[in-house]
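Asker: Can you read through this structure? Questions will come right after.
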Amino acid sequence: MIPKSFIQDLLNRLDIVDVIDRYVPLKKAGTNFVACCPFHTEKSPSFTVSQSKQFYHCFGCGAHGTAIGFVMEHTGMGFVEAIEDLAKGIGLAVPQEASNNITQVKVAPDLYDLMQSATRYYREQLKVTPRAIEYLKKRGLSGEVAARFGIGYSPDDWQNLRAAVSNYQDASLVETGLVIEGEGGKRYDRFRDRIMFPIVNVKGQIIGFGGRVLDKGEPKYLNSPETTLFEKGHELYGLYQAQKAIRAQQRVIVVEGYMDVVALAQNGVEYAVATLGTATTPFHVQKLLRLCEQIVFCFDGDKPGQKAAWRALENALPQLQDGKRIGFLFLPEEHDPDTYIREYGRDAFEHEVENSLPLSGYLLRELTAQVDLRTQEGRSALLKNAQPLLTAITAPTTALILRKEVAALAGIEQAELEGLWSIKPIAAPRRAAPPKTKRAAPSGMRSLLRCLVMKPELARQLPSDWQSDGAEGAAIHALTDWLNESADETSTASMIQHFQGSMHEPVFSVAQGEVMQWGEEFDVTAEFEGVLKKMRLDAIEAEMNALLAKGLQMTSAERELRARLQAESNQLKAQAS
Ligand SMILES: [Zn+2]
């Protein structure tokens, strides 16, 4: 766990303008900075960054957040990864809370340098190896695409890398997996006579290699082992190069091999990535769903390909999000994406992608194929097989629809199935808000929230008996709680970061957009006091009206109260003028 205080400190030290400007060049416009939004396609800039408040907000697509949120959203990094990256950029070390069991891996920068040297060496070797060039040419690869992916060649020798490094005995060579140390300490290169595909992380650093044989030979694909740099279940080949296209298309294709990724890019499909000799992990799915709306898995048409697709489905289930799409494309058995696109071209391939089988369709197809639904045993087996899969889904709508379908297939009622699987019925839709009394106008809550977004610590000055209302009121309550827990100095950015992803995020987001145009000279404290006064006056008025309605029934105590309220009202109004 990264301590909260550190996140706060980090946000205080960073300048969001510097952070974003590294990825998206910003222009000054009034008090803020603007650019065309990197998260949606637009011609005139609605992406706005507030330097004084340290957050960004897009008036086009609603994207919003802090520097941390931006890096996550833009690069697909996870929360911890983004924090580490940002901290490193300003020379801060990320402390770990004592309770953590995640070991902090320190990566010396020279390991990255070493990978860089090896890549350079392999690329040079490709240039002087006609056989390797011929192989790539035969597969339709241009020099431009080969260069874009940093493709190289490792010669057919035992100690090639002697030519690339100053000391072949250095421990870092084994640590990065480039060299293998055999019995008796004899060393040799891991990759020999292979086309070399550098594996690049989202930051653009080379963390490993994939090597493919040119002709026959085993294994066909050889990957770097897991090292301090390279964690297979987390990385995807080609993601660094594909990021932009994935965002633009709002779609990513997941394939099995590096050659597939490169061949698709060569043919104009630039939004493909490959897993690296592992099944698609939940982490992969999560990472990709952060970047776009749709994932299409496209594996080879053969048996292992089918198996890989099913594993991908299993690992995708817990990550499903209502509204995001996951599809499966099954190519004819003799094809992989590489051969298919070379034979039929981009349009045909993309047509297949458009018509990929939705995850739900694939799931039901496989479940029903395994059993005979005409028999009672078959229907009961269907329910048994479906249970672990369907209960792994947390996306409520998707889960509900699939349960309905499986129940129908098994010939039982949905409620019966849910009873059988002990699934709690989905809570009834929240009751409509009770009819509003004449108390604080909703606009009061909204104005209040705007002030608090500008200056969260003002929430400490809220009177203890203030009347909250609606979603804004609930958000203000949550903000007050957060403020009470935060001993450190608070800021707009740390508040936004705290509520990112919470149920209150939508109302905070609206308020953030609204305060974006408030200039530095805007007196938030005066506005805040004005709003509170207005809310108090509204409350007094409502109470007095209620008393007046009693007319002659008013008790003497109530008459007194009414007089007091009238006096307070007069006093407040006098102050206002
Ligand atoms: Zn946008």
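Throughout, read-outs are computed from the coordinates displayed, never taken from laboratory work. Everything numeric in this text was worked out from a predicted model, so none of it was measured. We place every Cβ from the backbone using ideal geometry, glycine too, and count neighbours over all the protein chains shown.
Asker: Regarding the stretch 4-89, what whole-number volume in Å³ per residue does the convex hull of its Cα atoms give?
Answerer: For the stretch 4-89, the hull spanned by Cα atoms encloses 88 Å³ per residue.
Asker: Then there's this: For the chain, take the longest principal axis of its alpha carbons; what is the angle in degrees between that and the long axis of helix 505-515, to the nearest 10 within 0 to 90?
Answerer: Helix 505-515 and the main axis of the chain meet at about 70 degrees.
Asker: Roughly speaking, what is the centre-to-centre gap between the stretch 117-162 and the stretch 347-372 when only Cα atoms are used, to the nearest Å?
Answerer: 38 Å
Asker: State log₁₀ I(q)/I(0) for the stretch 442-576 at q = 0.09, 0.16 Å⁻¹ as given by the Debye formula over alpha-carbon point scatterers of equal weight, solvent excluded.
Answerer: Per q value, in the given order, log10 I(q)/I(0) is -0.34, -0.84.
Asker: Ordered by residue, what ³J(HN,Hα) values in Hz, to whole numbers, does the stretch 395-406 give under the Karplus form 6.51 cos²θ - 1.76 cosθ + 1.60, where θ = phi - 60° and Gly and Pro are x?
Answerer: Those phi angles translate into 5, x, 5, 4, 4, 4, 5, 5, 4, 4, 5, 5 Hz.
Asker: Could I ask something else about it? For a 28 Å ceiling on Cα separation, which of these pairs sit above it: 220/324; 88/244; 232/307; 4/203?
Answerer: Listed pairs above 28 Å: 220/324.
Asker: Now a separate question. Calculated from DSSP H runs of 4 or more alone, at -39500 (n - 2.57) each and per residue, what is the 222 nm mean residue ellipticity of the chain, nearest 500?
Answerer: One gets -15500 deg cm²/dmol as the mean residue ellipticity at 222 nm.
Asker: Where nothing but the Cβ of Lys and Arg (+1) and of Asp and Glu (-1) is charged, how large is the charge dipole of the chain around its Cα centre, in debye to the nearest 20?
Answerer: Here the size comes out at about 800 debye.
Asker: Over all alpha-carbon pairs of the stretch 1-151, lay out the pair-distance distribution in 10 Å bins, whole %, shortest bin first.
Answerer: 9, 27, 23, 23, 15, 3
Asker: Which percent, to the nearest 5, of DSSP beta bridges fully inside the chain are antiparallel?
Answerer: Antiparallel bridges: around 70 percent, rounded to the nearest 5.
Asker: Among the trypsin sites (Lys or Arg not before Pro) within the stretch 328-405, which fall in a DSSP loop and have no more than 16 other Cβ atoms within 10 Å of their own Cβ?
Answerer: Passing both the DSSP loop test and the Cβ count: 374.
Asker: Would you grab the residues whose amide H sits under 5 Å from the one on residue 251? Only those 5+ places off in sequence or on another chain, please, with H modelled 1.01 Å from N.
Answerer: When sequence neighbours closer than 5 places are left aside, the close amide H contacts are 293, 294.
Asker: Sorted by mean Cβ packing within 10 Å, highest first, what order do the peptides 119-132, 552-565 take?
Answerer: The peptides rank, most packed first, as 119-132, 552-565.
Asker: I've got another one for you. Roughly how far apart, in whole Å, are the Cα centres of the stretch 1-67 and the stretch 213-247?
Answerer: Distance between centres, Cα-based: 32 Å.
Asker: Next up: Work out the P(r) tail for the chain: percent of alpha carbon pairs separated by more than 48 Å, whole number.
Answerer: Counting every Cα pair in the chain, those more than 48 Å apart make up 28 percent.
Asker: Can you list the residues of the stretch 211-239 with backbone N under 16 Å from a point 7 Å past the Cα of residue 283, pointing along Cα to Cβ?
Answerer: So the set is 224-239.
Asker: Please compute the length gained on full extension between residue 485 and residue 43, using 0.36 nm multiplied by the number of residues separating them and subtracting their Cα-Cα distance.
Answerer: Taking residue 485 through residue 43 to full extension adds about 154.8 nm, to one decimal.
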